[in-house]
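Structure, as structure tokens:
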Amino acid sequence: MITRREFLKTSLAGAAGAAISLAAIEMVDPGKVLAAAVQPEKNARWAFLIDSTKCVGCGLCVKACKLENGLPFEANISPTWVERYILTNGGELFADSPKAGRDGYTSKRVDLGMGKYQVVDKSDTKKAFFVPKLCNHCENPPCVQVCPVGATYRTPDGVVLVDKSWCIGCGYCIMACPYGARFIDPRTRTAGKCTFCYHRITKGLKTACVQACPFGARQFGNLNDPNDPVAKTIMTQRVVVLKDEYGTKPQAYYLGLSKEVR
Amino acid sequence: MHVLRPLLVVIALVAIVLAIRIFAVPVGFGVYDGGYIYGWYDQSSEEAAKSVEVKYQGREYCQGCHTEQSSKVSSSLHANIQCENCHGPAIKHPSEPPKLTIDTSRDLCLRCHADLPASLSGRSAIKGIDPDNHNPGVNCASCHNPHSPAPGAAK
């Protein structure tokens, strides 16, 4: 049987307890939270910006990426690649990316695969352009969701990485990625991918591909830094992302993309 | 007794698995930023990703020693091209490797100068040549200066 006195005592104690925990919440100063968020070096959110109208298809970014990251140069895998698109006057679309564009585009022959080539004459092109691609470092990375062992993850600064010592090489992530950005690294036989050159960006350097690009087609920035020119462009210009309908929230933004790009 | 014995065996097996887990799973393993779906990993692997060696040093690195080439390139039509794009990553040059490669192949220049259909690309703003007809078989560098190409004519 509960007496009135006991009831009052416990409910008062409960109210006091609730008040204390509420006080704890209020003690968090919103100003401080904001300050922490705008401390760009400590609280980075990396993002990539690609101006595909500036790309000339020289492939120097792909070369730099593979050499910087020590990937076997001849193996047909690459964390980043450059695609070529040619739309003829007749409306036919040709696209290729031989060797990921590593040696640049030096010939008019479009590689159709299976040893077939197509030469498109300059006068017969309606549109012709290059598109650099890489891992989009999605905010909702499907490749991370499917990993059965927790070997791939998104870092607090928004980079999707692979733990080489823990990956079992099952290849689920390669299947899950809608952008085809992952591959099996023949050195370790584990999943490999673009790391946004994590070893460089965490030292304040640019990624190897951004540094190599002579034309500013590739740029890299920190979305949490309000003074970052790349962040400003992403926030204020007409940027698009690839395969938005998948809901992956890519962090590689494109300027001047054409609807033919898949 | 008939029930208890297999039960003990099962309990022992579970205990063994849990004990092995303690040693096999790295200490850094846990749920971090991003929750269980995106942030379940071994935090020490972030350090592994950071510890990759930096190989491309950037053109500022070359300036002090190769002053002549650096000043030439920076005031030329090729000013935007990093030295290492043509000479390969410096890594720890000049201690290792003592010399960087000098690539005089036509392919290096054709990356940008081969005439291609590229109407909507910056490529159309670069002077293009037809590789099959523009002095085939001769290295570009024997007529053009790679560090300061003269506009329109050979060196």
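The values are calculated or read from the model by the stated rules, or taken from the named source; none is laboratory data. These numbers were taken from a predicted model, which means no experiment stands behind them. When we count neighbours, we look across all protein chains shown, and the Cβ atoms used for this are built from the backbone with ideal geometry, even at glycine. These accessible areas exclude ligands, DNA and RNA; they are computed on the full protein's heavy atoms, side chains included. Shrake-Rupley method; radii C 1.70, N 1.55, O 1.52, S 1.80 Å.
Side notes on the structure shown:
- Ordered from longest to shortest, the equivalent ellipsoid semi-axes for region B:1-88 are 62, 13, 9 Å, each the square root of 5 times a Cα gyration tensor eigenvalue.
- FRET efficiency for the pair residue B:52 and residue B:142, taken as 1/(1 + (r/R0)^6) with r the Cβ-Cβ distance and R0 = 35 Å, rounds to 0.35.
- Remark: for residue pairs A:63/A:203; A:133/A:232; A:243/B:127, the C-alpha separation exceeds 25 Å in A:243/B:127.
- Spin-label model distance (nm) - residue B:99 vs residue A:238, 7 Å beyond Cα toward Cβ: 5.3
- All aspartates and glutamates inside 20 Å of residue B:72 as judged from Cα atoms, apart from same-chain residues fewer than 8 positions distant: B:60, B:84, B:103
- Per residue convex hull volume, Cα atoms of region A:26-262, in Å³: 152
- Here the protein assembly as shown exposes an accessible surface that is 60 percent carbon and sulfur, computed with a 1.4 Å probe and the other protein chains kept in place.
- Residue-by-residue Karplus 3J(HN,Hα) for region B:38-54, coefficients 6.51, -1.76, 1.60, Hz, glycine and proline x: 10, x, 9, 6, 8, 5, 5, 6, 4, 5, 4, 5, 6, 8, 4, 6, 7
- Region B:104-155: radius of gyration and largest Cα-Cα distance (Dmax), Å: 11.1, 32
- For the residues of A:47-59, the average number of beta carbons from a partner chain within 10 Å of their own beta carbon is 4.
- The phi-based Karplus calculation (6.51 cos²θ - 1.76 cosθ + 1.60; θ = phi - 60°) puts the 3J(HN,Hα) values of region A:217-222 at 6, 10, 9, 9, x, 10 Hz, whole numbers, x for Gly and Pro.
- Put simply, the C-alpha atoms of the protein assembly as shown give a gyration tensor, and the ellipsoid matching it has half-axes of 51, 26, 23 Å, longest first.
- Cα-based helix-to-principal-axis angle, B:4-24 vs chain B, degrees rounded to 10: 30
- When the alpha carbon gyration tensor of region A:40-158 is reduced to an equivalent ellipsoid, the three semi-axes, largest first, read 32, 17, 15 Å.
- Applying the Karplus relation 6.51 cos²θ - 1.76 cosθ + 1.60 with θ = phi - 60° to region A:136-142 yields 3J(HN,Hα) values of 7, 6, 4, 6, 10, x, x Hz, where x marks Gly and Pro.
- Whole-number Å³ per residue for the convex hull built on Cα positions in region B:53-103: 78
- Theoretical FRET efficiency, 1/(1+(r/R0)^6), r = Cβ-Cβ of residue B:31 and residue A:187, R0 25 Å, to 0.05: 0.25
- Shielding score for B:109-115, defined as the mean number of other chain Cβ atoms within 10 Å: 6
- Zone residues, region B:59-79, relative to residue B:126, backbone N less than 16 Å from point 7 Å out along Cα-to-Cβ: B:76-79
- Radius of gyration, Dmax [region A:142-259; alpha carbons; angstrom]: 15.4, 42
- Residue ranges B:111-122, B:127-138, B:84-95, A:79-90 sort as B:111-122, A:79-90, B:84-95, B:127-138 when ordered by packing (mean number of other C-beta atoms within 10 Å per residue, highest first).
- Remark: region A:185-252 projects, on average over all directions, an area of 6.7 nm² (convex hull of Cα atoms).
- Its alpha carbons considered, chain B gives a radius of gyration followed by a Dmax of 29.4, 99 Å.
- Dividing the convex hull volume of the alpha carbon atoms of region A:122-196 by its residue count gives 129 Å³ per residue.
- Peptide B:79-92, shielding by other chains (average Cβ, 10 Å cutoff): 3
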